[in-house]
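Report on the structure given below.
The values are calculated or read from the model by the stated rules, or taken from the named source; none is laboratory data. Not measured: the values here are computed from a predicted model. Here the Cβ positions follow ideal geometry from the backbone for every residue, glycine too, while neighbour counts run over all protein chains shown. What goes into the accessible areas is simple: the full protein's heavy atoms, side chains included, and nothing from ligands, DNA or RNA. Shrake-Rupley method; radii C 1.70, N 1.55, O 1.52, S 1.80 Å.
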Amino acid sequence: VECRASFEYFVHRFFNCIPGVGTLVWNWHLSLFCDELESLARRVYRGEQKTHDLVVNVPFGTTKSSIISILFQCWVWSWWPEARFLCGTHTDSLALNLAQRAKDVIESELYRTCFPNVLIRTEVSAKEDYANTVGGERKSCTVGGKTPMGRHSHFCILDDPLDPQG
């Protein structure tokens, strides 16, 4: 119940379900991420008009992708499993990595125990595009490749849109 009510609580509880993640070192900015994302998600769920876009511009290694591109979708699906996500990045490999890690959290034993109603549909289960059994979706696209055209979502997450090497 607490996990559905608080994104920050959810992050603390499920962070270690992300494959290959290091130790969570909490800092004030992570509370800010969680508060902003929770407020945004609740507003979208209630169908309220958008007041602003949330732009997070922080250095690499500050847990941004783990919280925003991986755990946010998992948390929203815990209380609004019909939510649809469109997630973009600069390369297919990063889009795949982020999508797969979110899927791994959803398929973890802890998540299955806490939220048994959130099940990945086997017939709509590609590595970067998948859906759950009640209509929620995660679709991936890339800045220079896969197009988001025709994909409708409640949330659009753009993580690392620029190739740092390019």
> When only residues in segment 105-131 that are of a type in the set (A, V, I, L, M, F, W, C) and in a loop (DSSP other than H, G, I, E, B) count, which is modelled with the lowest pLDDT?
Replying inline: ALA126
> VAL56 fails exactly one of the following numbered conditions: (1) among the aliphatic types (A, V, I, L, M); (2) in a helix (DSSP H, G or I); (3) within 15 Å of the chain's Cα centre (by Cα). What is the number of that condition?
Replying inline: (2)
> Just checking, how many residues over segment 9-36 are in a helix (DSSP H, G or I), closer than 16 Å to ALA102 by Cα and free of Cβ contacts under 8 Å to residues at least 40 places away in the same chain?
Replying inline: 2
>> Can you find a residue that is open to solvent by 10 Å² or more (accessible area, probe 1.4 Å), part of a loop (DSSP other than H, G, I, E, B), in contact (Cβ under 8 Å) with a residue 40 or more places away in the chain and under 23 Å from GLY22 (Cα atoms) anywhere in segment 61-77?
In response: no
